[in-house]
Structure formats: C-alpha cells, structure tokens
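The values are calculated or read from the model by the stated rules, or taken from the named source; none is laboratory data. It should be emphasised that the depicted structure is a prediction, and the values quoted were computed from it without experimental measurement. With ideal geometry, Cβ positions are generated from the backbone for all residues, glycine too; neighbour counts draw on all protein chains shown. Calculation scope for accessible area: heavy atoms of the full protein, side chains included, ligands and nucleic acids excluded. Shrake-Rupley method; radii C 1.70, N 1.55, O 1.52, S 1.80 Å.
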Amino acid sequence: KKDKKGKKSELYFYIALSATLVLFLSLFLPVRVQGESMENTLLNGDFLLMKRSWLVSEYVQGDIVVAAKGSFHNGECIIKRIIAVEGQTVDIDNETGLVYVDGVSLDEPYALTPTYEKGELDFPITVAENCYFVLGDNREESLDSRYSQIGQVHKDEIQGKIIWLIVPGIGDDRFDIKRIGTVN
C-alpha cells in the first residue's frame with residue numbers, strides 16, 4: 001500500500017510540475033542573444049526572459065523587444081530597442097551621431113556608439129501605423145530599421161518584450177553575475 005501511495009504522489013508531483021512548466025512557457029520564453037548588436041546592454045550568449053506579446057498591453061520607446069521578420073533570414077528572431085512608435089518622426093544626424101524623435105534628440109546612455117550610419121533610408125521618416133522603429137544599442141554593428149532587410153517592425157512581428165537577464169553570456173571574460181536582473 002505504501003509503495004502504491006508513493007507512486008501516486010510522485011505521479012501527481014510530475015503532473016503539477018509539467019502543468020507549471022506549460023503555464024510558465026505560455027507566459028514567458030527564454031531567449032538567447034546571438035551577436036553584438038545590443039552591446040553593452042546585452043552581450044552575445046546572454047540568456048534572457050521574454051514576456052510574450054499577448055501579455056504586453058503596449059510597447060513604448062526604450063523597450064527591448066524580440067521580433068521575427070520574414071525579410072530577415074526567413075523569420076529569424078532579432079533583439080532590438082524601440083526608438084520610436086507609430087506616428088513619430090525619426091531623424092539621424094550622421095555628423096553628430098544623434099538620433100532625433102519628433103525633433104528632440106534622444107538621451108541614449110545605453111548606446112555603445114553614436115549613430116553615424118543612416119543605413120539605406122532617407123531621413124526624416126515617420127513611423128507607419130502599427131509599426132515601430134528599432135535600433136540595436138551597438139549602432140555600428142546592428143542590422144535594424146535603418147536597413148531594408150529589417151525596416152519598420154509591425155506589431156504582429158513582435159514576439160515579446162525582454163524583461164530579465166537570467167544568465168550572463170560566457171565568453172570574452174565578460175561573465176558578470178552582477179548583470180543578472182531586469183533589463184533596461
């Protein structure tokens with residue numbers, strides 16, 4: 001009898017664990033940074049926690065999002081920062097490296113370098129309805145809304161918002177446990 005009870009409680013434990021895992025993964029998804037386009041905010045190899053898009057009521061300037069663009073490597077996901085939302089006008093002064101939204105230069109302490117590269121666009125541009133203009137924090141190494149492969153990101157292409165750094169990437173002697181936590 002004891003052996004049957006033990007197996008039954010073990011079964012319940014695994015059912016509860018599985019249900020919890022399914023629920024968690026329907027709300028959040030672990031993602032891994034690949035590349036240098038978001039340095040120094042995010043590093044190659046970082047493991048992050050993404051809040052799924054259906055839980056995010058709206059995306060705002062400064063949010064770091066995961067998007068899947070069919071025009072980029074058959075829908076491979078990218079991780080970028082929202083610089084402007086629908087209706088806003090974006091301009092880049094490639095001489096000063098400043099990014100302007102609605103005529104105001106952005107304070108971008110997260111940007112690794114100034115934005116000297118305009119990409120393939122003629123600025124200023126206005127962000128289309130239901131779209132976002134995204135840039136990588138490492139502007140010199142980022143394929144983002146400045147280029148036709150990415151362009152403006154439609155809200156339906158956004159998979160979710162990055163909320164947490166779970167495990168810092170390992171490599172280049174930059175593993176830093178103090179980086180674990182919320183992502184800004």
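Dipole check for the chain: with +1 at the C-beta of Lys and Arg, -1 at the C-beta of Asp and Glu, and the Cα centre as origin, the magnitude is about 2020 Debye. For the chain, the carbon plus sulfur part of the accessible surface works out to 53%, probe radius 1.4 Å. For region 49-182, a Kirkwood hydrodynamic radius built from all Cα pairs, placed in the Stokes-Einstein relation at 37 °C and 0.692 mPa s, yields a translational diffusion coefficient of 212 µm²/s. For region 89-184, the solvent-accessible area with a 1.4 angstrom probe is 54 square angstrom per residue. In units of the rule-of-thumb radius 2.2 N^0.38 Å, region 1-48 shows an alpha carbon radius of gyration of 2.00. Using 0.36 nm per residue and subtracting the Cα-Cα separation, the extra length available between Ala68 and Glu86 on full extension is 4.6 nm. With both labels modelled 7 Å from their Cα along Cα-to-Cβ, the Glu120 to Leu143 distance reads 1.0 nm.
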